[in-house]
Amino acid sequence: MNSEILGISIIFLATVLLAFPLGKYMGKVYEGDKTLWDKLFNPFDKQLYRLSGIDPSRPMNWKQHLTALLTINLVWFLVSMFVLMNMGWLPLNPDANPGMSADLAFNTTVSFVSNTNLQHYSGETGVSYLGQLVLMLFQFISAGAGMAIAAVVMNAMKERTTEKLGNFYFYFVRSCTRILLPLSLVLALIFLFNGMPMTFKGKDQFISLQGDTVQVSRGPAAAMVAIKQLGTNGGGFFGANSAHPFENPNYFTNIVENIAIILIPIAFVFALGYVLKRRRFAWMVFAVMTIGFLLLLIPSVHDEMKGNIAIAKLGIAQPLGSMEGKEVRFGSAASAFWGITTTCTSNGSVNAMHDSFTPLTGMFAMLGMMINSFYGGVGVGFLNFYVFIIIAVFISGLMVGRTPELLGKKIEAKEMKIAAIIALLHPFLILAGTALSSYIYSRNPAVYTAWLNNPGHHGFSEMLYEYTSSSANNGSGFEGLGDGTPYWNITCGVVMLLARFLPIIGPVAIAGILAGKKYVPESAGTLKTDTGTFGIMVFAVIFIIAALSFFPALSLGPIAEYFGMK
């Protein structure tokens, strides 16, 4: 057991140590500073701009940035719908997988465009290799777009007055070519040499240990797994995701994938310090995020290593902890660590079945998505945290009787209204979706019996988790839920769309409005935002607004299930 704790401690420390230099490099990339890779990537970037007819030096205001973001996503939405619905006759389909229905193609397209990667299908049978490649492209596009928008907000936070906040396409292309692509190549090679398949051949025939002849799916998995983890996408090549031996062959690949999940989200915090030239502010943000992350992680690891209460009542020893739904290759601690890591970010990949977590671990996984700002997804995780900073500054200013200011810009009613709407949108989408589904199910459970494999409190948790995952752009699930139906495809798709783009529009609008205001240098009476006191204030705001909003729903689900087992 001690070795398991040591293992996950090393993974986390290694991630932070790697994130610090990566964050500095990312800051240089977004600032346009010279890096060692300029000679290699500059010609490639220029070719992309030339082919696209884009002038990366043309400055854009915040509205133009959002227009560019939404236009890119609309174009790729249409391309994806066409490919996914027509895979049956399109090339690169050696296993003859059929095209998707319209509702499933809608859900899948929205899922990958929004960086959610919620999968209501199994990759082996539901998607052709061409479909997988298109979805892999979206994993670059959605991650790069989120990183670009975060770069816009960081640019707006600088201490000066301006309407121009850089160029979206400049940030977008550099996010993909300078950060995501090189790291993905390195990871893909590591995975390839550890036995992960990378081929366009179809299923292969194997003889099992029992002597049975079985057909085993394969494909270009190594490339997709690399970007799914680095871009906090999470969509698996295979249905079992990173619990599948072809998608996560051994404990070493488990370590590498786990590091990749939170590497860029943490690095973004250090990039913020570089861009703003405020390292203390970045460390405050990192400290709040990390404390929140650890408060979810530590009890989850403890619960999974302790074992399942119901099984213990039967007199069955659990020396390895609660191993239901877990891979023996990884164990209970590494599974719980992955579970919290993937839900605190918007990754959503799994190396164990979350539906089999003990009740409180399932609750902490949901809380990570409900709060959605302890590291969060690449780029957008900081945007969520930025909203809480705005609210904390406003409340702090009122408490001391001063006009609220953030980095020399006065926060007034307009910015506060936007921040409040965005902060309340997330709970609304989750709770409204869960309430509607619970009502429909309760009216005629015999008709909708396929929805839930587990009735009662756990069944409620399955529905709550699905909408939480959709709204947090996460994509993981309590897979006891029968989600491959038109109802779940459409409702989850709508939630994913709203939860992806409105929380981006809000922070960008706030940042753009603040950037255009007159810059006022800090004075002795200015609220310091790089102190531990302000960090406590931000944490309190997150706890009150995000966590407590969900307490009644959690009481009906995992908390009630926990006390029902005792």
On a C-alpha basis, how far is the centre of the stretch 339-401 from the centre of the stretch 404-424 in Å? Whole number, if you could? 20 Å
How far is it, in nm, from the label point at A435 to the one at V214 when both lie 7 Å from their Cα along the line to the Cβ? 4.6 nm
Additional length obtainable on full extension of the chain from T531 to E163, 0.36 nm per residue less Cα span: 129.6 nm
With an 8 Å Cα cut-off and a minimum separation of 6 or more residues, compute the relative contact order for the chain in percent. 19 percent
For Q318, what residues show an amide H to amide H distance below 5 Å, using hydrogens built from the backbone and excluding near sequence neighbours? none
Which cross-chain or sequence-distant (5 or more) residues have an amide H under 5 Å from the amide H of E405, H modelled 1.01 Å from N in plane? I411, L527
Quick one: grab the alpha carbon gyration tensor of the stretch 21-277, order the square roots of its eigenvalues as a ≥ b ≥ c, and give me rounded if a/c is under 1.5, else prolate or oblate depending on whether a/b is larger than b/c. prolate
May I ask you to evaluate 6.51 cos²θ - 1.76 cosθ + 1.60, the Karplus curve with θ = phi - 60°, for each residue of the stretch 144-161 and list the ³J(HN,Hα) values in order in whole Hz, giving x for glycine and proline? x, 5, x, 5, 5, 5, 5, 5, 4, 5, 4, 4, 5, 7, 4, 8, 6, 10
Enumerate the lysines that K410 could reach by cross-link, defined here as Cα to Cα under 30 Å, with residues fewer than 8 away along the same chain left out. K24, K28, K63, K158, K164, K277, K517, K518, K528
Express in nm, to one decimal, how much length is gained between I10 and S555 on full extension, taking 0.36 nm for each residue of separation and deducting their alpha carbon distance. 192.8 nm
Per-residue HN-Hα couplings for the stretch 36-42, Karplus 6.51 cos²θ - 1.76 cosθ + 1.60 at θ = phi - 60°, whole Hz, x for Gly and Pro? 5, 9, 4, 5, 7, 9, 4
Other-chain or far-sequence residues with amide H under 5 Å of L452's (modelled H): G482
Calculate, for I309 and K203, the FRET efficiency according to 1/(1 + (r/R0)^6) with r their C-beta to C-beta distance and R0 35 Å; round to the nearest 0.05. 0.25
Kindly write out, for the stretch 44-53 in residue order, the coupling ³J(HN,Hα) from the Karplus curve 6.51 cos²θ - 1.76 cosθ + 1.60 (θ = phi - 60°), rounded to whole Hz, with x marking Gly and Pro. 5, 4, 4, 5, 5, 5, 5, 5, 8, x
So if we plug the beta-carbon distance of E522 and S3 into 1/(1 + (r/R0)^6) with R0 = 60 Å, what FRET efficiency do we get, rounded to 0.05? 0.75
Taking just the alpha carbons, could you work out the radius of gyration and Dmax for the stretch 379-565, both in angstroms? 20.0, 67
Potential extension, L18-T35 segment - 0.36 nm per residue separation minus Cα distance: 4.4 nm
Enter the Cα centre distance for the pair the stretch 436-454 and the stretch 167-192, rounded to the nearest angstrom. 43 Å
To the nearest Å, what is the center-to-center distance of the stretch 273-296 and the stretch 530-566, using C-alpha atoms only? 20 Å
Sorted peptide list for 33-43, 75-85, 362-372, criterion being average Cβ within 10 angstrom, highest first: 362-372, 75-85, 33-43
MRE, 222 nm, helices only [DSSP H, n ≥ 4, -39500 (n - 2.57), over the chain, to nearest 500]: -20500 deg cm²/dmol
Quote the FRET efficiency, to the nearest 0.05, computed for A413 versus Q64 with a Förster distance R0 of 30 Å and r equal to the Cβ-Cβ distance. 0.75
Reach of K566 by Cα under 20 Å, taken over lysines that are not fewer than 8 positions away in the same chain: K306, K313
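Quick note: the coordinates plus some simple rules give every number you see, no bench work behind them. The structure presented is a predicted model; accordingly, all values stated were derived computationally and were not measured. Every residue, glycine among them, receives a Cβ derived from its backbone with ideal geometry; neighbour counts consider all protein chains shown.
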